[in-house]
Amino acid sequence: MAETTGIAWTNATWNPVRGCERVSEGCKKCYAEVLAARHSYKGGWGEGLAKYVTRPDGTKEARWTGVLKPVEKMIDAPLRWKKPRRVFVNSMSDLFHDKIRDAYIDLVFAVMAIAKQHTFQILTKRPERMQTYMVGLARSYNRLEAAARDICYTLKYEDIPLVRWPIQNVWLGVSAEDQDTFDQRVELLGRTPAAMRFVSAEPFLGDIDIGNAFDDTDGEPTSKYGKLDWAIIGGESGSDYRPMDIEAARAFIQQVKLMGGAMFVKQDSGPRPGMRGRFTDAEWALKEYPA
Ligand code: SF4
């Protein structure tokens, strides 16, 4: 799996799992599903993970099969990357899919805890599992240590834990495409132990009012669920993209800034990825990261 990436807000991707299943409207044009279907020929890395199905109008569409595969040979890849980088974890899947065993996710977290030189960005559309998993892991340092030992490392010095909790170089985020998914997923994110929390509003398909999730009724904006450190916004791309409401996108950006979050403006909706489109110079210049 390539360690470099065209994803603007990260430096590298790391895919210890492949395969997924759609959960909401934001998955409709999943690029991972398209790539997996493209490589689903015999012997290809997408074999068994995705396939082409025929729509009623006769055109073909990529669809996940529902099979997920751990890619065990990739599990320790970040330990070999010496140069510090931001690493998007599982760009070809969802780490918190219920078909991935806790013990395997423990290994992923052990690698991230060991590879302190990197910043790991985990994005999920399954925040319920993430919340349950993270609360469970927080209660058992021995689980993390056992996973580290499985790959011949230790995260203890004698009996003293070497890793501060929550793991400082791991950012946890949720994808949200509209108000319902934002409210539901950000609420769960806020109840999840994390050093840094973020939301990716891509594809931005609706008018997302952060005020629904963050309480600013008393003057000072305060979060009901904890601080939202970072937000990414992007419209959908591709030939049959769903247009983004640019005024709603502007309102979203303003609210994130008002709440003190860092903002990354990724793209307008349009036929090609990475398009500036209707964003002003000042909006397009917003390529921030949390401190
Ligand atoms: S959760 Fe992510 S990887 Fe899985 S189908 Fe949806 S967009 Fe694709």
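Kindly flag which residue pairs out of 125/257; 29/99; 83/257; 82/125; 51/99; 82/287 have an alpha-carbon separation exceeding 27 Å in this structure. Exceeds cut-off: 83/257; 82/125. Model label sites at residue 54 and residue 157, defined 7 Å from Cα along the beta-carbon direction, differ in position by 6.6 nm. What fraction, in whole percent, of alpha-carbon pairs in the chain exceed 28 Å separation? Tail of P(r) above 28 Å: 38 percent of Cα pairs. The ranking of 144, 68 by Cβ neighbour count inside 10 Å, starting from the fewest, reads 68, 144.
Counting Lys +1, Arg +1, Asp -1, Glu -1, what net charge surrounds residue 181 among other residues with beta carbon under 12 Å of its beta carbon?
On the way: positive: 125, 126, 185; negative: 25, 177, 178, 180, 183, 187, 202.
For residues surrounding residue 181, the net value is -4.
Take every pair of alpha-carbon atoms less than 8 Å apart whose residues are at least six positions apart; their mean separation over the length of the chain yields a relative contact order of 12 percent. Among 15, 123, 45, whose Cα projects farthest towards the positive end of the dipole of the chain, with charges put on the beta-carbon of Lys, Arg (+1) and Asp, Glu (-1)? It is 45. Comparing Cα centroids, segment 138-154 and segment 254-291 end up 38 angstrom apart.
What is segment 20-67 by shape, rounded, prolate or oblate, if you read a ≥ b ≥ c off the alpha carbon gyration tensor as root eigenvalues and call it rounded for a/c under 1.5, prolate for a/b larger than b/c, and oblate otherwise? The shape class here is oblate.
Note on 81, 14, 171: ascending count of other Cβ atoms within 10 Å places them as 81, 171, 14, the fewest first.
A short reminder: the numbers here are calculations on the coordinates, not readings from a lab. Just so you know, these numbers come straight off a predicted model, no measurement behind them. Counting neighbours? That spans all protein chains shown, and the Cβs are built from the backbone with ideal geometry, glycine included.
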